[in-house]
Amino acid sequence: MSSLWGVPAPAVAAISLALLILFVWISGMIRYIGNNRVAVVEKLWSAKGSINEGLIALKGEAGFQPDVLRGGLHFFMPFQYRLHVQPLVTIPQGRIGYVFARDGQPLSPDQALASNPSGTDFQDTREFLERGGQKGPQRKILREGAYALNLAQFVVVTKDETFALRLNRADDALLEQMAEIIEERDGFEPVVIKDADDQIGVVTVHDGPGLNMGEIIAPTVGADPEEVELFHNSFQDPEKFLAAGGRKGRQLQVLVEGTYYLNRLFATVERIAKTVVEVGQVGVVVSYTGDHGADTSGDGYRHGELVDNGCRGVWREPLLPGKYAFNTYAGRISMVPTTNFILKWETATSGSHKFDENLAEVSLITRDAFEPTLPVSVVVHIDYRKAPLVIQRFGDIKKLVEQTLDPMVSAYFKNIGQTRTLIELLQDRSAIQSLSSQDMKEKFSAYNLELQEVLIGTPRPSAKGDDQIERILTQLRQRQIADEQVGTYERQKLAAQKERELREAEAKAKQQTAITESELSIQVKANEGRASLARSEQEADQTRTLAKAEADRMRLLGEGEAKKVVALAAAEAERVTKVGLAQAEAIESQVAASGGARYQLARQVAERFAQALETSGVDVVPKVQINGGSTADGQPGGGSVVQALLTLLMADKLDVAVNDEREHKEPEAAA
């Protein structure tokens, strides 16, 4: 038998065994734990026996102990404790860890997550359990950092790893299911709402009491940061949210730009776009939640109620242009244009607002039995202060257009069409347009609308291939062409006239010197003529003056002479009368003395004849001898006096001597 350093082999074996037993003994009493780990202590046996309920032994019983061991050497009673060394729970930057408690108070029927008493910390298991901490998934989450947790009591689920002390396979399935739910909700990362996205977050809470009867969305609670005890910091503190009266369901309060560390098992977030009210619009709010407010529309409005902003119903104050974090699950915003917009009654044509996408041309029947369609456009304006009245009455602008304006406008133009022929519709478009604008303004104002203008297009055939309207238009075009030709001819005539005037002007310009000289000569002659005329007029005036004076002189002389003649004539007449009377008396005496009146007449004739010969100077012996003929016995005498005078006249005209058959007598005999 061999030996070691002179010690028998059996002794060596006994010493080795003793040393081994000593090592094992010492190793059971002393344990070293690294600084980046913790040890969950499991008490294998205890004089106090085993725990009656739960998992964690708070009173020293056998089982998992509430306190964990941190880094360093630790001494234990041999064979009484078992240490489960686990890593520290580490949450990376910008990540979230979810906690699941295996022991604690059971959840109430209305709870989905375990409550966390104020001031408790998952790193102090004893305090957590003693203050009423509940088992199950916790409302409180872990932010970035390292945590020394008792992984027999708490399980921490993160995006990359699940921190837990594996107790059985059922735990693995449960933890895996919870991790999947959180991953589906993007729950391992905070909610980040960027300003550039123009989005808001609508929150749905999955824990707490339900909504009251008649509510469809949870009202805002504990949102005032001044009420610190109730301020839940945008759902990031579930306990304060529920303490403030928060209820499960979709929330009225929304999340705006920022980063939010939310427990996704407690609340999920749906991103929706902000409500943007563009310039030229207002937003009329129809709220589905809030208190029942008093009607502010007035006694004259009987189409619904308008309430103050914040109450349930149609808000009387619209949203002006801007961006709003409006929860569209709590209400509806109808955009009402406040600028002029056009409604077109025309198939396949609509404005950007799409209010008129279902409108078509108005079908007409004219007085002459044509059936055209008429495209119509209406320019409408809505006063932004009356926009809530319009929405309250019609629901939205599209319903207003389709259910009210469309039949009203169509009926109006059908009535117009029946009073006019087709060609009158074409020719009187402007008058019809003006008349319709005036007539329909009152109709539109009854619906809180302001009609700006009515625009009418050209009538179109109602059926494809109908060319009756085109034929009429062709006739009108031909008529217009004829009118234009007449106008063209008139202009050509005017142009020709202007051209002639131009030529005359050019010719006149070439002869301007001569024209100027002639005009000057004409002016000189005219001046001379005017001078001569003035001189003649002066002479005429002088002559007229002299003539008038002479006439006056002659008149005066004539009047004097006439008076003289009258006086002389009167005297002469008196003298003649007296002479005549005397002569008559003498003649009467002579006649009586001479033997009668015949003798007296012959005597007077002879005397007068003698006086005439004396004064006239006529030859006593006549150049012509007139014989009065002869009597029956051959003696002269007995001829006609008339015959004698005719013979004398003929002789004087022919300058011949007239001799009787008889010879001239001697002048003495004639005497």
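The numbers here are math on the coordinates, done by the rules we state, and not lab data. Model, not experiment: these values are computed from the prediction. Because the Cβ atoms are built from the backbone with ideal geometry, glycine has one as well, and the counts that use them run over all protein chains shown.
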Practice item. With both partners inside the stretch 277-466, how many of the DSSP beta bridges are antiparallel, as a percent to the nearest 5? Key: 90 percent
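So if we plug the beta-carbon distance of residue 522 and residue 499 into 1/(1 + (r/R0)^6) with R0 = 45 Å, what FRET efficiency do we get, rounded to 0.05? Can you show the working numbers first?
Working: r = 29 Å, r/R0 = 0.64.
Between residue 522 and residue 499 the formula returns 0.95.
Quick one, what does Rg over Rh come out to for the stretch 341-436 if you take C-alpha atoms and the Kirkwood Rh? Intermediate results must be reported in sequence, preceding the final value.
Numbers: Rg = 14.9 Å, Rh = 14.5 Å.
Radius of gyration relative to Kirkwood radius: 1.03.
In what order do 373, 543 fall by count of nearby beta-carbon atoms within 10 Å, going from fewest to most? Mind dumping the intermediate values first?
Working: 373 20, 543 12.
Ordered from fewest to most neighbouring Cβ atoms within 10 Å, 373, 543 come out as 543, 373.
If I take all pairs of Cα atoms in the stretch 277-466, what percentage of them are more than 31 Å from each other? It would help to have the intermediate numbers written out before the result.
Values: 5036 of 17955 pairs.
So the pairs more than 31 Å apart make up 28 percent of the total in the stretch 277-466.
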Exercise for review: Note down the nm distance, to one decimal, between modelled labels 7 Å out along Cα→Cβ at residue 58 and at residue 450.
Suggested key: 7.4 nm
Review point. Label points 7 Å out from Cα along the Cβ direction at residue 402 and residue 181: separation in nm?
Key: 4.3 nm
**Study point:** Sites residue 439 and residue 481, calculated FRET efficiency, Cβ-Cβ separation with R0 35 Å, nearest 0.05
**Key:** 0.50
**Study point:** Ranked 436, 377, 518, criterion: other C-beta atoms within 10 Å, fewest first
**Key:** 518, 377, 436
Check your understanding: Quick one: length gained pulling residue 467 to residue 557 fully straight, 0.36 nm per residue minus the C-alpha distance?
Key -> 21.8 nm
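Taking the Cβ of residue 552 as the centre, find all other residues whose Cβ is under 14 Å away and add up their charges (Lys, Arg: +1; Asp, Glu: -1).
Numbers: positive: 544, 548, 553, 555; negative: 550, 559.
Net charge in that neighbourhood comes out at +2.
Between residue 352 and residue 279, what FRET efficiency follows from the Cβ-Cβ distance if R0 is 25 Å, with the result rounded to 0.05?
Using R0 = 25 Å, I get an efficiency of 0.95.
Pull out the extension gain between residue 323 and residue 604, defined as 0.36 nm times the separation in residues minus the alpha carbon to alpha carbon distance; nm, one decimal. Let's see the in-between values first.
Working: separation 281, 0.36 × 281 = 101.16 nm, distance 15.60 nm.
85.6 nm is the gain from fully extending residue 323 to residue 604.
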Study note, to complete from the structure: Quarter of the surface of the C-alpha convex hull for the stretch 25-160, i.e. direction-averaged projected area in nm², equals 9.1 nm²
Check your understanding: Most exposed first by the Cβ proxy, i.e. fewest other Cβ within 10 Å, how do 171, 541 rank?
Key -> 541, 171
Practice item. Measure off 7 Å from each Cα along the Cα-to-Cβ vector at residue 421 and residue 17, then give the distance between these two points in nanometres to one decimal. Key: 13.9 nm
Review point. Dipole magnitude of the stretch 25-160 about its Cα centre, charges +1 at Lys/Arg Cβ and -1 at Asp/Glu Cβ only, in debye to the nearest 20?
Key: 220 debye
